1. Taking the condition of being without any contact (Cβ under 8 Å) to a residue 60 or more places away in the chain and not aromatic (Phe, Trp, Tyr), how many residues in region B:167-203 meet it?
2. With (1) in contact (Cβ under 8 Å) with a residue 40 or more places away in the chain; (2) in contact with a Phe, Trp or Tyr (Cβ under 7 Å, 6 or more places away or on another chain); (3) crowded, with 18+ Cβ neighbours inside 10 Å; (4) within 28 Å of residue B:103 (Cα to Cα) as the list, and residue B:24 as the residue in question, which single condition is left unmet?
3. Among the listed residues A:120, A:47, A:106, A:43, identify the single one that is surrounded by fewer than 19 Cβ atoms within 10 Å (Cβ to Cβ), in contact with a helix residue (DSSP H, G or I) (Cβ under 7 Å, 6 or more places away or on another chain) and of a type in the set (Val, Ile, Thr).
4. Are any of the residues in region B:83-101 away from chain A (no Cβ under 11 Å) and touching a Cys at 6+ places or on another chain (Cβ under 6 Å)?
5. Of everything in region A:130-172 that's outside any helix (DSSP H, G or I) and in contact (Cβ under 8 Å) with a residue 12 or more places away in the chain, which residue is surrounded by the fewest Cβ atoms within 10 Å (Cβ to Cβ)?
6. If the requirement is being touching a residue at least 24 places away in the same chain (Cβ under 8 Å) and surrounded by fewer than 19 Cβ atoms within 10 Å (Cβ to Cβ), which of these qualifies: A:85, A:61?
7. Is one or more of the residues making up region B:103-113 exposed (fewer than 15 other Cβ atoms within 10 Å of the Cβ), more than 14 Å from every other protein chain (Cβ to nearest Cβ) and more than 29 Å from residue B:199 (Cβ to Cβ)?
8. Here is a list: A:222, A:190. Which entry is touching a Pro at 6+ places or on another chain (Cβ under 8 Å), under 24 Å from residue A:94 (Cβ atoms) and in a helix (DSSP H, G or I)?
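Bear in mind these aren't lab numbers, they're just calculated from the coordinates by the rules spelled out. Small disclaimer: the values here were computed from a predicted structure and weren't measured. Glycine also receives a Cβ, built like all others from the backbone with ideal geometry; neighbour counts cover every protein chain displayed.
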Amino acid sequence: MFHSLGRYLLLLRLSFKKPEKFSVYWSEVMREMVSQGVGSLGIIGIISVFIGAVATVQVAFQLSSPLVPQSIAGSISRDSTILEFSPTISALVLAGRIGSSIASQIGTMRVTEQIDALEIMGVNAPGFLISPKILSGLSMVPLLTVVSVALGLSGGYLACIVSRDIAPTDYVVGLRDSFNPIIVGVCAVKSISFGFIITSVCSYFGFYTSGGALEVGQSATKGVVFSCIWILFADLLITSVML
Amino acid sequence: MIEVKDIHKKFGDNAVLRGINSQFKAGKKNLIIGGSGSGKTTLLKCIVGLHEPTSGEVFYNGENFTEMHFHERVPIRKEIGMLFQNSALFDSMSVEQNITFPLNLFTDMSKSEKLDRANFCLERVNLKGKGKLFPSELSGGMKKRVGIARAISMQPKYLFVDEPNSGLDPLTSILIDELISELTEEYNTTTVVVTHDMNSVMGIGDHIIFLFSGEKWWEGTNKEIAHTNNKELNNFVFASPFMKAAREKL
């Protein structure tokens, strides 16, 4: 375990060495941003709307008492969406979507000698391959989380219209009621951390792939599994420290 | 010129190379031959720095490459072109982008100059007009030629070629050998080719080293190889009945 941790830290150090040419690296960052950000919008949109809707319906079901104002369902949905559902569930989905793609892409480059070709040219392969992915993850995962929050809350509103368990106006009142800005800070810290975990852990497993197609698949699986575990661990840690 | 001195390489307890010494001269096609598992590719990877030798040294024009750190090796690496066994083209890039990739990173050429260079390299390997294709759209022989075009884009002083003929038909193999030969003369490169293709050995082998069980077993030229009394080398070169018959006629 310590051996792997050491290799992971050394790989990160190599990844952030001075680039050979900034413009080439920057275009790689842009390409990764499109791939990770725009490419994940669909899946994030779908899960966010449904999770927001389900959360609202379930909260409404559990608080079906005449003594509790209906608007409270909106407040609880808002807090749980911003604090947990959007950053964490989105990150777990993105670990599957982005993480497996990163690990298998870098792993395939390793087993087909493309990484050797980069090194022969004098290119710092970890820097060229990994740093653009991490930088892109650090910016795109938080942006996707913002989209997820917006769509999750909209999903809750749609659920109110469709199910009629709560009046949509009460839901909106609940969304605006007793808002504590710290939850946005927690959400931001979580999404940035998760972006880093997904991209760096999956890059690590891809970079140290050896063998052939079978091992590339195993690296992708390991990358996703370890990312998910670290996301959940970081989720607990950030929540405990910040709230 | 490249010089290797007493190169040893072990993977765990398995000694793959045992004390290899040789010199590879500029303007010559230097061939490393040997059976499967004899250490040919490991020696090539030790020379280019993809493997660190367990002991021994590699010198590029007198400079000790083995002792250099990664960033110190960069100036020499810019002078190296390498064709890999499976071509190792970047899948996500077009042929043109593959060739201009090292130019983008290490030169200040304008976009049009880089495109001109890419087109020149493609024309040199008889692939004019194929710049917009992606590696997945190319045949095995075309991939090798694009690999060569990428290797020569920076006008290398040292050209390394790993199994250039593997998976190719005899005619394409000969074309690739001729191309390597022409480029060596054109750029006066120190060319090192790992192969076990006997047509290549006889056709372009200016200087040949034969590895057997990780040791240098024989060294000479393609003229000398036909008349050697080295038993292991003869078993390797003249393994087929056709080659045995050809040798008797020599």
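1. Here is the first cut: in region B:167-203, the residues without any contact (Cβ under 8 Å) to a residue 60 or more places away in the chain are B:167-179, B:182-183, B:186-187, B:197-199, B:202-203.
Still in the running and not aromatic (Phe, Trp, Tyr): B:167-179, B:182-183, B:186, B:197-199, B:202-203.
Residues meeting the conditions: 21.
2. Status for residue B:24: all satisfied but (2).
3. Exactly one residue qualifies, and that residue is A:43.
4. yes
5. The residue in question is A:167.
6. On the way: A:85 fails: surrounded by fewer than 19 Cβ atoms within 10 Å (Cβ to Cβ).
Exactly one of A:85, A:61 is touching a residue at least 24 places away in the same chain (Cβ under 8 Å) and surrounded by fewer than 19 Cβ atoms within 10 Å (Cβ to Cβ), namely A:61.
7. Checked region B:103-113: at least one residue is exposed (fewer than 15 other Cβ atoms within 10 Å of the Cβ), more than 14 Å from every other protein chain (Cβ to nearest Cβ) and more than 29 Å from residue B:199 (Cβ to Cβ).
8. None of the other options fit; the residue is A:190.
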